[in-house]
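Shown next, in structure tokens, is the structure this report addresses.
The values are calculated or read from the model by the stated rules, or taken from the named source; none is laboratory data. Bear in mind that the values here come from a model prediction, so they are computed numbers and not experimental data. Cβ sites come from the backbone with ideal geometry, for glycine too, and all protein chains shown count toward neighbours.
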Amino acid sequence: MDEVKAVVVADAVQRRILEDTDKRLEELLERLAEAKVPDLVLAHLVVLSNAFIAKDVQAASDTAMTLTLMSTEHHDEAHWIVGAKRLVEMYARVVVQPQQQQQQQQQQQQPQQFVGAQQQQFGGQQQFGQQQQQYAQPPQQQQFGGQQQQQYGGQQQQQYGGYR
């Protein structure tokens, strides 16, 4: 909750949603203190907590959906379950997605660094570029009688066309 609060403070609409979510989760804490949460719901709440600890948004989202479906049977829990679901959604949007975007940017930069290292290893930009061009060109084909010859980077391969 604190991670979400730190990011949401600037946006007034999100702040109101977060305050409502906080009130709903306070109700959960009161019900837990009074031991009024049914065991089945409590088991799913433990799964949800573990998903938050592991920062597994998919598992948290799945568990929140299960809790939402369970709220039809457990009417007393419906109010705070909405808060738990909102918290999962805000957490995914505000905390996890920016982290994933940052990781993707870092991964996109790594291949460029690897190519630079390969270029140095194989004799610099010019020689590396020539090697790439050699393999990027389509094979040259020449027709001789019923045979077709293809040339791949200095090697010739014969193919027989037609039926025999």
Just to verify a result, which residue in region 56-81, among those that are touching a residue at least 12 places away in the same chain (Cβ under 8 Å) and in contact with an Asp or Glu (Cβ under 9 Å, 6 or more places away or on another chain), is farthest from Leu29 (Cα to Cα)? Ser61
So which residues in region 24-38 are among the basic types (Lys, Arg) and over 17 Å from Val88 (Cβ atoms)? Arg31, Lys36
Counting only residues that are without any contact (Cβ under 8 Å) to a residue 12 or more places away in the chain and in a helix (DSSP H, G or I), region 22-55 contains a total of 12
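Can you pull out the residues in region 57-77 that are over 28 Å from the mean Cα position of the chain (by Cα) and either acidic (Asp, Glu) or surrounded by 15 or more Cβ atoms within 10 Å (Cβ to Cβ) (or both)?
Ser71, Glu73, Asp76, Glu77 - these are the residues of region 57-77 that are over 28 Å from the mean Cα position of the chain (by Cα) and either acidic (Asp, Glu) or surrounded by 15 or more Cβ atoms within 10 Å (Cβ to Cβ) (or both).
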Quick one: would you say Ala78 is at pLDDT below 95 and part of a helix (DSSP H, G or I)? yes
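Given Ala33, Ala43, Ala54, Ala92, which one is surrounded by 14 or more Cβ atoms within 10 Å (Cβ to Cβ) and not charged (D, E, K, R)?
Exactly one residue qualifies, and that residue is Ala92.
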Determine, yes or no, whether Gly83 is surrounded by 10 or more Cβ atoms within 10 Å (Cβ to Cβ) and modelled with pLDDT under 90. no
